[in-house]
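These notes are about the structure you will find just below.
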Amino acid sequence: MRTELIDIKESTEDAGLQHAAEILKRGGLVVFPTETVYGLGAVATNLTAVTGIFQAKGRPADNPLIVHVADYEMIKELVADPQVLENENLRRIMEQFWPGPLTIIFEKSSSVGNAVSAGLSTVGIRMPANETALKLIRLTGAGIAAPSANTSGKPSPTAPQHVIQDMIGKVDAIICGGTCKVGLESTVLDMTCDPPVILRPGAVTKEQLQAVLGREVWMANSLAENEYSIPKAPGMKYRHYAPKGAVTVFMGNEALVAKEINRRVKEAEQKGLVPRIIATQQTVCYYEDAYVVMMGDRNNPETIASMLFSALRTCDEQGADLIFAEAVSREGIGEAIMNRLVKAAGYALVNLEAFSEAEQNSSQ
Ligand code: TXA
Ligand code: MG
């Protein structure tokens, strides 16, 4: 398949988007920018096109897609009971956080096919806060089903070159629209249950949702492998965001983490392996420059969110066999950053504070 690159800065923006909308209306696949990550889109009600998304990504069919909308009218066709949009709590959440990095789970209508919902009775809907995405949806005149535009299991794409790496030859067009502002996928919130549950943490935090609702919101166990074993967001059960190198995340005070990472780097070199360190502005001073891939500023965790996936991809490009990443505080957006980091590491999280406490206790 030939993939067209549509540079919205070069072509007069509307002509490029009009063309992309025509491709979608004909049943094609178009990658487009959003404020979170790039999405791999098809018209949500076109079954053949939606099936193409799963093929292009190599995505398991039991993982449902989010439908992107540009206005409230579009939602009415997607949900089982449009009256639900009058619900006070739901209205408050939509008004506060849309357009924005929040996906809300609704009971679905019959116009949402099983390919989109992966056999669930629900559908995830999001109104993205990106002008290009909103224009594209409006020009298409329909909800656009779109997962992140990465090959399944790889870090999500936050810049055009990431999409080009993964999707060239697999989609009809890629809209190149610069770097994604947020850099992590949307918060997924299930409001079909009581209390509401965050199925995937993102830039819209639990504290923000609780403040707007004036009540408690739960966080789903991100491991999602409890005795009931069917995770509510099916995507949570897959290994995710993983570069080729093996990632380990280290938690503890800065000096302790740096000491352990430097020890492991030396060990890796002795074995002839290529190590990389994912560090922050505050901690690069502890390491040799050649090993470091920067992921932002601890005092401004939004920078870490926006750079994390790109840092993981850089490690791949540099041929890293082993990737040692520093943990960050779980406060605010930190919860989402740690969720992605720990998944990229396949849950290889080393708590050095716990080790040093145990050592101290045993030597007493
Ligand atoms: O920011 C985002 O959400 C990006 C951009 C493109 O909008 N999209 C994205 O889609 O991250 P995807 O497919 O990579 O992740 C969607 C997540 C998956 O974990 C999926 O299991 C969950 O949302 N999900 C989708 N529909 C659901 C539903 N009906 N019930 C529960 N979880 C759902
Ligand atoms: Mg994804």
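Before we move on, is residue 267 exposed (fewer than 13 other Cβ atoms within 10 Å of the Cβ), among the charged types (D, E, K, R) and assigned to a loop (DSSP other than H, G, I, E, B)? Against the criterion (exposed (fewer than 13 other Cβ atoms within 10 Å of the Cβ), among the charged types (D, E, K, R) and assigned to a loop (DSSP other than H, G, I, E, B)), residue 267 does not qualify.
When 81, 62, 71 are screened for being surrounded by fewer than 21 Cβ atoms within 10 Å (Cβ to Cβ), within 16 Å of ligand 2 (Cβ to nearest atom) and farther than 18 Å from residue 187 by Cα, only 62 passes. Taking every residue in the stretch 276-301 that is at positive phi and pairing it with any residue that is of a type outside the set (A, V, I, L, M) and surrounded by fewer than 17 Cβ atoms within 10 Å (Cβ to Cβ), at least 6 positions away or on another chain, the pairs with Cβ-Cβ distances below 8 Å are 296/281. For the stretch 129-141, filtering for residues that are assigned to a loop (DSSP other than H, G, I, E, B) and either in contact with a Gly (Cβ under 6 Å, 6 or more places away or on another chain) or closer than 21 Å to residue 54 by Cα (or both) leaves 1. Residues that are within 14 Å of ligand 2 (Cβ to nearest atom) and out of contact with any Gly (no Cβ under 9 Å at 6 or more places or on another chain) were ranked within the stretch 176-200; the one that is nearest to residue 8 (Cα to Cα) is 180. I'd like the full set of residues that are part of a loop (DSSP other than H, G, I, E, B), in contact with a helix residue (DSSP H, G or I) (Cβ under 9 Å, 6 or more places away or on another chain) and within 11 Å of ligand 1 (Cβ to nearest atom), limited to the stretch 100-128. Scanning the stretch 100-128 gives 118, 120, 127, 128. Only residues that are crowded, with 23+ Cβ neighbours inside 10 Å, polar (S, T, N, Q) and in contact with a helix residue (DSSP H, G or I) (Cβ under 9 Å, 6 or more places away or on another chain) were counted in the stretch 4-51, giving 1.
Every number here is computed from the coordinates shown, using simple stated rules; none is lab data. Predicted model, so just to flag it, every value in this text is computed and none were measured. Here the Cβ is made from the backbone with ideal geometry for all residues, glycine too, and neighbour counts use every protein chain on show.
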